[in-house]
Amino acid sequence: MADHNALPLIILAEKFAKLPGIGMKTAQRLAYFVMSMDENEAVEFAEAIVNAKKTVHNCGCCQNLTEREVCPICSDDERDRSVICVVESPKDVTAFERTREYNGVYHVLHGLLSPMDGITPDSLRIRELLARISDGSVKEVIMATNPTVEGDATALYIANLLKPLGVKVSRLAFGLPVGGILEYADEVTLFKALENRNYM
């Protein structure tokens, strides 16, 4: 932003620009929009951010984001706990839930293997996944990571850990484009990918 703008406005725009997919022009528009809010709206907006950061944490079971000890999906007795769909992030859980076709449970890794970026197996929630499988009740693990180099490497790494445990490991049949992102896939494409998954 130009030097003629107030410093707090410049700082606000810079904070917005740190959000994914937000360029500096959009960040400036958002900053000006916040300035056009009345004071109560602005305070509520700020409080919503602080409240979410304070109260939302990882589910004790699947690692998805929740404000409860165990998320609503893990708490749902109608869910098939013998099938776990492993995803990269909480956004992917939301994408699958939109299909209304999957009735198993999830496990969120919170990232993908990327040694170049310092993301090793210990950085992900793989240990928690193995702990869930150790009781013998899980029959299938669906690797639903994105079809990228990192996504494929992560899926293969986890599949190799699970095979000795006698668990069936499948990979989504990607009617999704290679390099595509699950979060942006439509419901039908996601359902078809889930329905035509390949076993590893």
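The values are calculated or read from the model by the stated rules, or taken from the named source; none is laboratory data. Everything numeric in this text was worked out from a predicted model, so none of it was measured. No Cβ is skipped: glycine too gets one built from the backbone with ideal geometry, and neighbour counts run over all protein chains shown.
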Within segment 71-121, how many residues turn out to be under 18 Å from residue 156 (Cβ atoms) and in a loop (DSSP other than H, G, I, E, B)?
6
Output the number of residues of segment 153-200 satisfying the condition of being surrounded by fewer than 19 Cβ atoms within 10 Å (Cβ to Cβ), closer than 14 Å to residue 88 by Cβ and modelled with pLDDT of 90 or more.
2
